[in-house]
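Below is one structure; the comments refer to it alone.
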Amino acid sequence: DYADMAEADLVIEAVFENMAIKKEVFTKLDDVCKAGAILASNTSSLDLNEIAEMTKRPEDVIGLHFFAPANIMPLLEIVRGAETAKDVVATTMALAKTIKKVGVLVGVCFGFVGNRMFFPYVREAQLMLLEGVSAERIDKVAFEWGMAMGPNSVLDLSGLDVFNKLNSEWKDRPDDPAYYRVCNVLVEKERYGQKTGRGMYIYEGRNAVVDPEVGAIAAEEAKALGIEPREVSDEEIMERMMCAMINEGALILEEGIAQRSSDIDVVFANGYGMPRHRGGPMIYADIIGTAKVYEAICKYRQRYGHLYWTPAALLVELAKEDKTFTAWRK
């Protein structure tokens, strides 16, 4: 009963990632919760400001995005809305430490920091499937580079239907028929990943087994889209996925969604299985050189066009001046 939460100091909503349902919940919470209570949403991507508008106290609304599984993953994205009060931010940052989470303060945009940057990473993996690269090879290259799991295994673990739903909620998603095409087709076939025993792979228990049908589906969809198969090196696999992520990170910094590049690195080291010795996407860019990242993005822009490969202004600036994300301050 909602009335049971009348005296709670903090309430965390964790319903389905659907804006209509979340608005309904926050309308009820606003009615029953005491003055000064913090109303938090566990949304992983939706507009927190739109959720806060359902209450008469938007200053008390904040995002607390726990990464799944919440009992294991240390990351907690703390999402500050346009009207979130400073004491609410301070309280939730302290709460993160109390419950032994790594709290990172971020701003409001689709996907916040983590998912907003992870979507381009998986996008490139999905596009490479259409170019004839197998799901298992992409995952093997990513794993050997140091990622805890390859992007296709992540899709299966989280649920392809979950990614499909998140994309459907994204108002500004690209007008591109190839975008997440293989994932969308598998969802239509009710292949949602581990939970249904079939997704990017077939599952025997938790053991992933290569499914030739996925390659056949990718080839069929590529033909329909007019995408020709091509040779893709292991180096290109990682370069495309990482550069897509880094460029999005540069946009996030430009927009003030993250306060500093190290916040982004903390998100990926603690929430996405990125190897500590690589540092995180932004410091990795610093290590290999922002000029090298810029050159790679220009190379892919020449091949694929501007839709995904327009270099962020910040990246252009850093590359031309031979500077790092670490040293940059807005």
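The values are calculated or read from the model by the stated rules, or taken from the named source; none is laboratory data. Values in this document were obtained by computation on a predicted structure and should not be read as measured data. Neighbour counts run over all protein chains shown; Cβ positions are idealised from the backbone, glycine included. Ligands, DNA and RNA are excluded from the accessible area calculation, which covers all protein heavy atoms including side chains. Shrake-Rupley method; radii C 1.70, N 1.55, O 1.52, S 1.80 Å.
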Next on the checklist: I need the calculated FRET efficiency for the pair V209 and K189, taking r as the beta carbon distance and R₀ as 25 Å, to the nearest 0.05.
Outcome noted: 0.90
Item to check | Inter-label distance for E53 and T196, nm, one decimal - labels placed 7 Å from Cα along Cα-to-Cβ | outcome: 3.4 nm
Next on the checklist: Can you tell me the length gained on complete extension of the stretch Q259 to Y2, counting 0.36 nm per residue apart and subtracting the Cα distance?
Outcome noted: 88.9 nm
Next on the checklist: Tell me the accessible surface of I202 in square angstrom (1.4 angstrom probe, heavy atoms of protein chains only), to the nearest ten.
Outcome noted: 40 Å²
Checklist entry - How much length is gained if the chain between E235 and A219 is pulled fully straight, taking 0.36 nm per residue apart and subtracting their Cα-Cα distance, in nm to one decimal? => result 3.5 nm
Checklist outcome for this item: DSSP beta bridges in the chain: the antiparallel percent, rounded to 5, is 45 percent
Checklist entry - Could you give the length gained on full extension between K23 and I72, defined as 0.36 nm per residue of separation minus the Cα-Cα distance, in nm? => result 14.8 nm
Checklist entry - Using the Cα atoms of the chain to build a convex hull, what is its mean projected area in square nanometres? => result 17.1 nm²
Checklist outcome for this item: Expected field for H306, accessible surface area in Å² at 1.4 Å probe radius, rounded to 10, holds 120 Å²
Next on the checklist: Just to confirm a number: summing +1 for Lys and Arg and -1 for Asp and Glu over residues other than L186 whose beta-carbon lies under 12 angstrom from that of L186, what do you get?
Outcome noted: -3
Next on the checklist: Can you list residues from other chains, or at least 5 along the same chain, whose modelled amide H is less than 5 Å from the amide H of L46?
Outcome noted: G111
Checklist entry - Distance from the Cα centre of the stretch 15-65 to that of the stretch 205-238, in angstrom? => result 40 Å
Item to check | Most mobile listed residue (E53, E77, E136) in the chain, GNM with C-alpha springs under 10 Å | outcome: E53
Checklist entry - Can you put K140, K34, K299 in order of accessible area, largest first, using a 1.4 Å probe? => result K140, K299, K34
Next on the checklist: Need one value: the accessible area of R198 in square angstrom, 1.4 angstrom probe, rounded to the nearest 10.
Outcome noted: 100 Å²
Next on the checklist: Only Cα pairs within less than 10 Å get springs; with that Gaussian network setup on the chain, which residue of E204, E254, E13 has the largest fluctuation?
Outcome noted: E204
Checklist outcome for this item: L105 neighbourhood, Cβ < 9 Å, K/R = +1, D/E = -1, net charge -1
Item to check | By accessible area with a 1.4 Å probe, ligands and nucleic acids excluded, highest first: order of Y300, Y203 | outcome: Y203, Y300
Checklist entry - Taking the Cα-to-Cβ direction at A291 and at T310 and moving 7 Å from each Cα, how far apart do the two end points lie in nm? => result 2.6 nm
Next on the checklist: Give the lysines whose C-alpha is closer than 28 Å to that of K56, dropping any in the same chain fewer than 8 places away, or say none.
Outcome noted: K22, K23, K28, K34, K86, K171
Checklist outcome for this item: Cross-link reach from K320 to lysines, straight Cα distance under 17 Å and at least 8 residues apart if same chain, gives K292, K299
Checklist entry - When the chain is modelled as a GNM with alpha-carbon springs shorter than 10 Å, which of D263, D60, D176 fluctuates the most? => result D176
